[in-house]
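Q: Could you have a look at this structure, given as structure tokens, before my questions?
Bear in mind these aren't lab numbers, they're just calculated from the coordinates by the rules spelled out. Here the structure is a predicted model, which means the values were calculated and not measured. FYI the Cβ positions are ideal-geometry reconstructions off the backbone, even for glycines, and counts take in every protein chain you see.
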Amino acid sequence: MDRRRVHEFEAFVAGASSRLLHAATLLTAEPPAANPLAQRLLTGALARTYAHWDRLRGEDPYNRTRQELALRFARSAWRYHRVRGGVLDRLSPQERLILVLRLYEGVEEEQTAAIIGLPADRVRAICSRAVSTMRSARRAPGRPLLRTAS
Amino acid sequence: MNGPERKEDEVRRMMDAAHPVVPAGLGPRAAEQGARLLRRHRAVRRAWIGLLVVLVIACAVWATVTEPWAVPPSDTTPPLDW
């Protein structure tokens, strides 16, 4: 039982960890080459998936880990306000979480809303605000941010 | 492709730029941490079951000793009125 779980988990990690670590690194807004917070976040989420492996009952372990990652990040969002040099570091932790779930992971709006605990129209508004922040930041790198209201 | 979708695609490309390398120890570390979590969950469950068994036994012993369902002998005589 234990050996089977270890093997299945290893195979899952081999296939999914690259994408999950990228998502985690986007969330913590660390540069890809130095992402200890993202690694810790992902290790914690994966550990939980391992502990629940025998009770997944057909649920996709990738979805479960992604959800756990999002919840862990949301719980400790106050830690991730500092600018660390990642792609999304001009956004607030909440904007990053929504952008990563919606655009990078392609999670449906309703499901994203359920994970974060916000109404779906708030999620849509925050997402489009974050998109315009990112685009204006790209057009004017280095200059103070022009926050566009949604 | 309409406006908002094009904008979202642009941001998607920005996010897809540089991918981090997964350190070799991440998977085994997660498995080890997960195994520890699993052991702890099991220990907690065993402790709850043990506590429940002890409570049931204690209740049974108390009931057989005190027999709370037995009617206590009354120490007042019924009134005699005729």
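Q: Rg to Rh for the stretch A:2-139: what is it, with Cα atoms only and Rh by Kirkwood?
A: Here the Rg-to-Rh quotient is 0.99.
Q: Under a no-solvent Debye model with one identical scatterer per Cα of the stretch A:9-81, what's log10 I(q)/I(0) at q = 0.11, 0.12, 0.13, 0.27 Å⁻¹?
A: With one equal scatterer per Cα and no solvent, log10 I(q)/I(0) is -0.25, -0.30, -0.35, -1.29.
Q: What angle, in degrees between 0 and 90 and rounded to the nearest 10, separates the Cα long axis of helix B:26-66 from the longest principal axis of the Cα atoms of chain B?
A: Approximately 10 degrees, to the nearest ten.
Q: How much net charge surrounds A:PRO36 when only other residues with a Cβ under 14 Å from its Cβ are counted (Lys, Arg +1; Asp, Glu -1)?
A: So the surrounding residues net to +4.
Q: Let me ask something else. Under a no-solvent Debye model with one identical scatterer per Cα of the protein assembly as shown, what's log10 I(q)/I(0) at q = 0.10, 0.16 Å⁻¹?
A: Computed log10 I(q)/I(0) values: -0.57, -1.11.
Q: Further, regarding this structure: What is the distance, in nm, between label points placed 7 Å from the Cα along the Cα-to-Cβ direction at A:SER128 and at B:ARG12?
A: The two pseudo-label positions are separated by 1.8 nm.
Q: Add -39500 (n - 2.57) for each DSSP H run of 4 or more in the protein assembly as shown, then divide by its residues: what number comes out at 222 nm, to the nearest 500 deg cm²/dmol?
A: Calculated from helices alone, the mean residue ellipticity at 222 nm is -21500 deg cm²/dmol.
Q: May I ask you to derive the FRET efficiency for B:ARG42 and A:LEU71 from their Cβ-Cβ distance with R0 = 25 Å, giving the value to the nearest 0.05?
A: Between B:ARG42 and A:LEU71 the formula returns 0.60.
Q: Rounding to the nearest 10 and keeping the result within 0 to 90°, find how far the Cα-based axis of helix A:120-139 lies from the longest principal axis of chain A.
A: Compared with the principal axis, the helix lies near 60 degrees.
Q: Can you tell me which of A:101-107, A:121-127, A:56-62 comes out highest on packing, and rank the rest after it, using the mean Cβ neighbours within 10 Å?
A: Numbers: A:101-107: 19.3, A:121-127: 17.1, A:56-62: 11.4.
Per-residue mean Cβ counts within 10 Å order the peptides as A:101-107, A:121-127, A:56-62.
Q: Something else now. Among B:64-75, B:5-16, how do they line up by average Cβ neighbours within 10 Å per residue, starting with the highest? Walk me through the numbers on the way to the answer.
A: Numbers: B:64-75: 6.8, B:5-16: 14.4.
Top of the packing list down: B:5-16, B:64-75.
Q: Shifting gears a bit: What's the angle, to the nearest 10 degrees (0 to 90), between helix A:61-75's Cα axis and the longest principal axis of chain A?
A: 50 degrees
Q: Using only the C-alpha atoms of chain B, find the volume of their convex hull and express it per residue in Å³.
A: 276 Å³
Q: State the extension gain, in nm to one decimal, for the chain segment bounded by A:GLU59 and A:ARG19, taking 0.36 nm per residue of separation less the distance between their alpha-carbons.
A: Stretched fully, the A:GLU59-A:ARG19 segment lengthens by 12.5 nm.
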